[in-house]
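Some notes on the structure that comes next.
The values are calculated or read from the model by the stated rules, or taken from the named source; none is laboratory data. Because the structure is a prediction, the values reported are computed rather than measured. Neighbour counts are summed over all protein chains in view; Cβ atoms, including those assigned to glycine, are modelled from backbone coordinates with ideal geometry. In case anyone asks, the SASA skips ligands and DNA or RNA and just uses the protein heavy atoms, side chains included. Shrake-Rupley method; radii C 1.70, N 1.55, O 1.52, S 1.80 Å.
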Amino acid sequence: MENQKKESSTERERRYHMLIRSYTLMNDLFMRSVLKDSRCTAYILQVILGQKELRVVEQTLQKDYVNLYGRSLRLDCVVRDEDGRLMNVEVQRASQGALSQRVRYHSSLLDLDVANPGDSFTRLPDTYVIFITESDVLQGGHIIYHIERTIQETAQPFEDGTYILYVNISKQDESELGRLMHDFHCQRASEMYSPILAQRVYTLKETERGRRSMTGDIKEIYEAGLMEGKTEERLKMAKRIRHLMAQLQKPAEEAMDLLGIPLEEQAMYKKQLL
């Protein structure tokens, strides 16, 4: 029985390694691991925005934006550069995940996260939402689409500091951006143009340390997936508590009692309600 368990574990590790070898930058899990090296994040943003001098000073991967009054989202990568600009980079394989309305919501969440009571609106940073898509979602035949608001009557830009970009990896050419699109398709580091991305991909796929790190990430995602259903349920329950408190003008404890929430769980919900 012990030997069977060992063989099963070895087989599972082998399967993980095969998965890791098949990943490209369009795989959410693999992209997250690549972006843990912020030099890769900076390079991707430099090429997409055409700004060689761009420097990343802070980044968060898989950042949760919890909205008790509306839909909560987890954003792939949120970056602040040295000029204070806030950027959200998303990898979307399915066109449905790159709807214009979804991009709009991402943009609003960035604003809500940095807007403090009493702050002047002029202090809001410029925000960029960048969707990297597997197909040409906007169907214009371009590698990149820049979306900004304009005043229709004057054709002048409405400079509110919000910028949206769609980047289409299905189109490639010999420009630096076109070569980056090529790199998003590559399974092997040796096929990539960018030395920065190639080195990171090689480390994750071809070294023992990198493969261990990736295997740990795969296991973590699996376990997180098991917990995700519970998290969604808790968020919905927190919204119901708030609604009942407002409707009946009751304190949190009474609202939770009315909803039948066990006493041992009430402290957890009270933290969410703060």
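See the values below:
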| quantity | calculated |
| --- | --- |
| Summed residue charge, Cβ within 9 Å of Thr127's Cβ, Lys/Arg positive, Asp/Glu negative | -1 |
| Distance (nanometres) between label positions extended 7 Å along Cα→Cβ at Glu253 and Thr60 | 3.2 nm |
| Rel. contact order, % - alpha carbon contacts under 8 angstrom, at least six apart, the chain | 16 percent |
| Formal net charge of residues neighbouring Met26 (Cβ-Cβ distance under 13 Å; K, R +1; D, E -1) | -3 |
| Cross-link table Lys36/Lys63; Lys52/Lys171; Lys36/Lys171; Lys239/Lys270; Lys250/Lys270, entries beyond 20 Å C-alpha to C-alpha | Lys52/Lys171; Lys36/Lys171 |
| Contour excess over end-to-end distance, with Cα ends at Glu153 and Met268 and 0.36 nm allotted per residue | 36.2 nm |
| Pairwise FRET efficiency - Arg209 versus Asp111, Cβ, R0 = 30 Å, nearest 0.05 | 0.15 |
| Per residue, in Å², the accessible surface of segment 117-274 once ligands and nucleic acids are set aside, probe 1.4 Å | 65 Å² |
| The chain, accessible surface, carbon-and-sulfur percent (1.4 angstrom probe) | 49 percent |
| With all protein chains modelled, accessible area of Val137 [1.4 Å, Å²] | 40 Å² |
| Accessible heavy-atom area order of Lys52, Lys250, highest first, probe of 1.4 Å | Lys52, Lys250 |
| Kirkwood-type radius of segment 120-257, with distances r between different C-alpha atoms, in Å | 20.3 Å |
| Sum of side-chain charges, Arg149 neighbourhood, beta-carbon under 12 Å (Lys, Arg +1; Asp, Glu -1) | -2 |
